[in-house]
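K.L.:
Please read through the structure below; I'll follow up with questions.
The values are calculated or read from the model by the stated rules, or taken from the named source; none is laboratory data. Computed from a prediction, not measured in an experiment: that's the story for all the values here. Backbone-built Cβ (ideal geometry, glycine too); neighbour counts: all protein chains shown. With ligands, DNA and RNA removed, areas are computed over all heavy atoms of the protein, side chains included. Shrake-Rupley method; radii C 1.70, N 1.55, O 1.52, S 1.80 Å.
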Number of protein chains: 2
Amino acid sequence: MNEQTGVQQTWDMVIVGAGPAGLAAALNGRIREKSALILAAGLTPPRLQKAPHVKNYPGFNGITGEDLYERFYRHAQEMGVEFRDERVENIYPGVNFTVVTRGNQIYLGRTVILATGIQQARQLEGEQELVGRGLGYCATCDGPLYRDKDVAVVGETPEAEEEVNFLASIGRNIYYFPLYKGMVKVDRKVDVRRERPQAILGDDRVRAVALPDREIPVDGVFIIRTVAPVERLITGLHQEQGAITVDRTMATNIPCVFAAGDCTGKPYQIGKAVGEGLTAAQSAIHCLDNKPDA
Amino acid sequence: MNEQTGVQQTWDMVIVGAGPAGLAAALNGRIREKSALILAAGLTPPRLQKAPHVKNYPGFNGITGEDLYERFYRHAQEMGVEFRDERVENIYPGVNFTVVTRGNQIYLGRTVILATGIQQARQLEGEQELVGRGLGYCATCDGPLYRDKDVAVVGETPEAEEEVNFLASIGRNIYYFPLYKGMVKVDRKVDVRRERPQAILGDDRVRAVALPDREIPVDGVFIIRTVAPVERLITGLHQEQGAITVDRTMATNIPCVFAAGDCTGKPYQIGKAVGEGLTAAQSAIHCLDNKPDA
């Protein structure tokens, strides 16, 4: 039982991602009368919604991605799937899984299904080497370490601005590199730079951000992406070439953790994601049936 | 080139089976402008058509199996998939695959996708040991070997009656074991027995059919099933526990032969079959792209 939150529901399946794979997994779980919670930031898979004509999902020839998604979502709702608009930051195994969101909410799951979509994030040079050594992904979590220090934030999404402002309230020099178009609204203290960092520099720890013509010395770097790299979610999750390693039952290398959809690799197709989501749910149910009660 | 048939079309994909997996594979092939031919006996997957309410295919909550199948079929037709109502008997690898049907039609395919559905056939005792030694599955093919001999036919479907009558026209004593209900219309010379054979007996060759109380000596046995056991289709196809062995790309152990849907194992769900069909087609396309022109 989690001490911070008191008594709280334990879900049969906590599903990360609200795309076709996540929705299919959740509704298949509900058909078997398992409780299913979907956690997803924004609850809108942009790639599907932008598709003008979907021709390869059997049964709907030429439907818009938006209409198809609407039908998927409604179908899942009708089956009693529950949704929370939350970005998952970490998943800790245990008797049950403890799923921690960016907003520091905690959800407990007997099984976990990862349906996080395609890995679109290109890593910055130096990122992988320096993670945990001055490079982080959640300023609200680690920011307090940088009181009165110099920090850079690389933001793929306007959501990063909130984190930038939090850092501005405690740090010394804050550099912000927005990688999106449009207005940037941050504390006037922040040095906003419309440049793309070339690399994060440092040996033992972060030392500087490399720009094409110069280096900016910093004590820490935060990278705020639209999608959290999935390897950060659960320690030890196996991947190959950017895709989560799964077997034919959609099992990952971590017991009772399954994956489905684009995050398991090509082909990046709705029907493939749906099929994998259904299969992942079946396998999760099998795992539930064989799990001691917690 | 096949001498018997003269010049004939070679299909990019020959797909065996017209269920959700076969249709999904075919339409995905067509999207990539590959020619796709579906071969299936009757073209009606009975398990899907009989489902009163399908709840686990995202986008259609509670649709009847018949309506969903109709939509799948129309979708495939709209994409230019071609269909032939043919029962596939054998597939021979080569530069291209030679696909032979019960009606002795020959189709050539650059790739093959097996979407034959669930393996419902229970084998008879002795069947596996005696196949090719007096036990066969196609009387029209092997029947002439039994001129003036005694032959038994085990028929799961009324389609078998035609084969029984053919054997009656050339053989001596013909025993027919219809395993279906309803009228049996065969040549009056045929000894129709409403019993289920217990086993096929013989050491080197078929010797007799075993009934609960006695044995009927025969020179040959034909078993006519609704679904041909898939291991007979292609020599050397790997299976495990009745399911075709596939990897995550839906590749079987035979190059350029893929499998999708229920024939690859559980879960037996429409969406899983669809996803695998789509994936199999992508993999077949990859195979086509890397294959020397034949």
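K.L.:
Between copies, how far apart are the B:Arg32 label points? List them in nm, one decimal, shortest first, with each point 7 Å from Cα toward Cβ, please?
P.N.:
3.1
K.L.:
Just want the answer: with Cβ charges of +1 for Lys and Arg and -1 for Asp and Glu, which residue in A:Leu233, A:Tyr137, B:Tyr107 is farthest toward the dipole's positive end in the protein assembly as shown?
P.N.:
B:Tyr107
K.L.:
Let me ask something else. Which value at 222 nm does chain A reach when only helices count, each DSSP H run of 4 or more adding -39,500 (n - 2.57), with the total divided by all residues and rounded to the nearest 500 deg cm²/dmol?
P.N.:
-7000 deg cm²/dmol
K.L.:
Mind listing the label-point distances from A:Lys291 to the same position on all other copies, shortest first, one decimal in nm, points 7 Å along Cα→Cβ?
P.N.:
Taking the point 7 Å beyond Cα along Cα→Cβ, the inter-copy spacings are 4.4 nm.
K.L.:
Still on this structure, I have one more. So which lysines can A:Lys149 reach, going by Cα to Cα under 17 Å and dropping same-chain residues fewer than 8 places off?
P.N.:
Of all the lysines, those that pass the test against A:Lys149 - Cα under 17 Å, at least 8 places apart if same chain - are A:Lys189.
K.L.:
For the protein assembly as shown, state the average projected area of the convex hull of the C-alpha atoms over all orientations, rounded to one decimal in nm².
P.N.:
It is 33.1 nm².
K.L.:
Could I ask something else about it? Enumerate by residue number the GluC sites (Glu not before Pro) in segment B:35-87 meeting two conditions: DSSP loop (anything except H, G, I, E, B), and at most 13 other Cβ atoms within 10 Å of the site's Cβ.
P.N.:
Answer in residue order: no site qualifies.
K.L.:
Could you give the semi-axes, largest first, of the ellipsoid that matches segment A:127-224, computed as the square roots of 5 times the alpha carbon gyration tensor eigenvalues and rounded to whole Å?
P.N.:
Value: 18, 16, 12 Å, ordered largest first.
K.L.:
On the full set of protein chains, 1.4 Å probe, figure out the accessible area of B:Leu288 and give it in Å² to the nearest 10.
P.N.:
Accessible area of B:Leu288: about 20 Å².
K.L.:
Out of residues 5 or more away from A:Asn253 or on other chains, whose amide H comes under 5 Å of its own, with H placed 1.01 Å from N in the peptide plane?
P.N.:
A:His238
K.L.:
Can you pull the accessible area of A:Cys256 for me, 1.4 Å probe, Å² to the nearest 10?
P.N.:
20 Å²
K.L.:
Another question about this same structure. Could you report the buried accessible area between B and A, both sides summed, computed with a 1.4 Å probe and given in Å² to the nearest 100?
P.N.:
In total, this chain pair buries about 2600 Å².
K.L.:
What are the ³J(HN,Hα) values, in whole Hz, obtained from phi via the Karplus relation 6.51 cos²θ - 1.76 cosθ + 1.60 with θ = phi - 60°, for each residue of segment A:205-216 in sequence order, with x given for Gly and Pro?
P.N.:
My calculation for segment A:205-216 gives 9, 4, 10, 6, 9, 8, 10, x, 10, 7, 10, 10 Hz in order.
K.L.:
Which Cβ of chain B lies nearest the axis of the rotation superposing B onto A, and at what whole-Å distance?
P.N.:
It is B:Gly275, 1, counting Cβ atoms only.
K.L.:
Where does each of A:Lys149, B:Lys272, B:Lys291 land when they are ordered by accessible area, with a 1.4 Å probe and the largest first?
P.N.:
A:Lys149, B:Lys291, B:Lys272
K.L.:
Quick one: with all protein chains in place, what share of the accessible area of segment A:127-224 is carbon or sulfur, to the nearest percent (1.4 Å probe)?
P.N.:
Result for segment A:127-224: 45 percent of the exposed heavy-atom area is carbon or sulfur.
K.L.:
Now for a separate question. List, shortest first and in nm to one decimal, how far the label point of A:Gly103 (7 Å from Cα along Cα→Cβ) is from its counterparts in the other copies.
P.N.:
6.2
K.L.:
Take peptide A:275-284, look around each residue's Cβ out to 10 angstrom, count Cβ atoms belonging to other protein chains, and average those counts.
P.N.:
Mean inter-chain Cβ contacts per residue within 10 Å come to 6.
K.L.:
Can you give the accessible area of A:Leu233 in Å² (nearest 10), computed on protein heavy atoms with a 1.4 Å probe?
P.N.:
Looks like 10 Å² after rounding.
K.L.:
Which value, in Å³ per residue, describes the convex hull spanned by the Cα atoms of chain B?
P.N.:
Convex hull of Cα atoms, per residue: 144 Å³.
K.L.:
Quick one: 3J(HN,Hα) in Hz for segment A:161-178, Karplus 6.51/-1.76/1.60 with θ = phi - 60°, rounded, Gly and Pro as x.
P.N.:
3J(HN,Hα) across segment A:161-178, in whole Hz: 4, 4, 5, 4, 5, 4, 5, 4, 6, 10, x, 9, 9, 10, 10, 10, 10, x.
K.L.:
Okay, next question. What is the set of long-range amide H partners of B:Ala51 at a cut-off below 5 Å, with H atoms built 1.01 Å from backbone N?
P.N.:
B:Gly65, B:Glu66
K.L.:
In addition: Check which residues have an amide H placed less than 5 Å from B:Gln198's amide H, if you skip close sequence neighbours.
P.N.:
Those qualifying (amide H under 5 Å, at least 5 residues apart or on another chain) are B:Ala210, B:Leu211.
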